[in-house]
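Working notes, structure below.
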Amino acid sequence: MKMTFRWYGEGNDTVTLEQIKQIPGVEGLVWALHHLQAGEVWSEEEVMKVKEQADQYGFHLDVVESINVHEDIKLGLPTREKYIENYKKSIENVAKVGAKVICYNFMPVFDWTRTDLFKEMEDGSTALYYDNEKVQSMDPQQLIELTTKDDSLTMPGWEPERLKHIESLLESYRSVSEEDLWNHLTFFLQEILPVAEANGIKMAIHPDDPPWSVFGLPRIMTSEQSIERLLSISDSPSNGVTLCSGSLGANPKNDIAKMIRRFHERIPFAHIRNVKIYENGSFIETSHRTEDGSVDIADVVLAYHETGFTGYARPDHGRHIWNEQCRPGYGLYDRALGIMHLWGLWDAYEHVKQGRES
């Protein structure tokens, strides 16, 4: 398991590279060019700037998260051809700085949905929270205002340029079914996978967050069956999954450890986090400990260990603790604690394995 840490870039993150360097076992940065809009080409010059910053601290840039997919591709519009060609150029350019995995998603309009970015928990910390009942009754514009009210840092998936056309965007999707979305994803992958494979890059789709329809929009990456269908589109080694235990774990029917054991050869990148699910379908993000949430993190890590996982992993969203002022879900302290918990589990399993072998 290769440990990484998501970093939003110089001037766009409250966490510094110097701080990340002090977290044991972190080898690389999970990065992106967040100032670019979906559909733009990531130039060689731009990606080289990030490489120069990472090189100062000895970090690799093996994992990109995300080169966002333009809505015209998801909608299957004739203009998608131009944006797919741009995507191919971006693949080629990130390969020049050593990228091995590109995490992407195919979620219409909203990349992720929460109703409270700083919900207070019993211990005084705060965390990202999804109120299921509130989402059923709120207007999409209310959600946009809630999520983007702090414009000091970029919010991936909630870019102002895209969201200012929200009404027409939502209208465009009214005639798009889940089957249509699958067809558009298939077309996209058939176009880009040869380029990814030629450049030694694995495309790793991220599950929908949460794994069900929001505001009537189609969502297709929600379950074990979804992953099975995605992988059946192409047997290319570049067609893979970013297995996110938090996104899929918001649905208690999803057995994350089972998915890892079944699909481990097609998981180049793992997001490991925990969520606590309430009876009404709401959920809040917790510490990484199994006892604090509804996802069996101990079994998740065991599944990766048992299958000999050598891919990339990162702690996903953390709580906001010790009065840290940070991007929602992406502070330093709780994610660093999460890494140490994951390493603790991994090292314990490794110790047991070595004991058995000796």
Exercise for the section: Using only C-alpha positions, report the orientation-averaged shadow area of the convex hull of the range 200-327, nm², one decimal. Expected result: 9.3 nm²
Practice task
Using the number of other C-beta atoms within 10 angstrom as an exposure proxy, rank F110, F215 with the fewest first.
Solution key: F215, F110
Handout entry: Placed amide H near M203: partners under 5 Å, 5+ positions off or other chain
Key = I102, N239, G240
Fill in the blank from the handout: The residues Y333, Y87, sorted from fewest to most surrounding Cβ atoms within 10 Å, come out as Y333, Y87
Completion exercise
Footprinting proxy, Y104, Y278: sorted fewest to most Cβ within 10 Å, the residues are Y278, Y104
Handout entry: Charged-residue dipole, Cβ positions (Lys, Arg, Asp, Glu), the chain about Cα centre, Debye nearest 20
Key = 620 debye
Problem - Amide H within-cut-off set for Y312, under 5 Å, with H built and near neighbours excluded - result: K2, F269, A270
Handout entry: Flagged links, alpha-carbon separation over 20 Å, of K21/K51; K21/K119; K49/K100; K134/K253; K49/K96
Key = K21/K119; K134/K253
Completion exercise
Toy charge model, Lys and Arg Cβ at +1, Asp and Glu Cβ at -1: the range 200-358 dipole around Cα centroid in debye, rounded to 20, equals 260 debye
Problem - Selection of GluC sites (Glu not before Pro), the range 243-295, meeting DSSP coil and at most 16 other Cβ within 10 Å - result: E279
Fill in the blank from the handout: Checked against the positive end of the charge dipole of the range 2-357 (+1 on Cβ of Lys and Arg, -1 on Cβ of Asp and Glu, about the Cα centre), the farthest of N323, N239, P218 is N239
Completion exercise
Kirkwood Rh for the chain from C-alpha pairs, in Å, is 20.6 Å
Problem - Size of charge dipole - the range 292-350 - debye, nearest 20, with Cβ of Lys, Arg +1 and Asp, Glu -1, no other charges - result: 340 debye
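Read-outs throughout are calculated quantities, based only on the coordinates presented, and are distinct from any laboratory measurement. Bear in mind that the values here come from a model prediction, so they are computed numbers and not experimental data. Cβ coordinates were reconstructed from backbone atoms using ideal geometry, including for glycine residues, and neighbour counts include every protein chain displayed.
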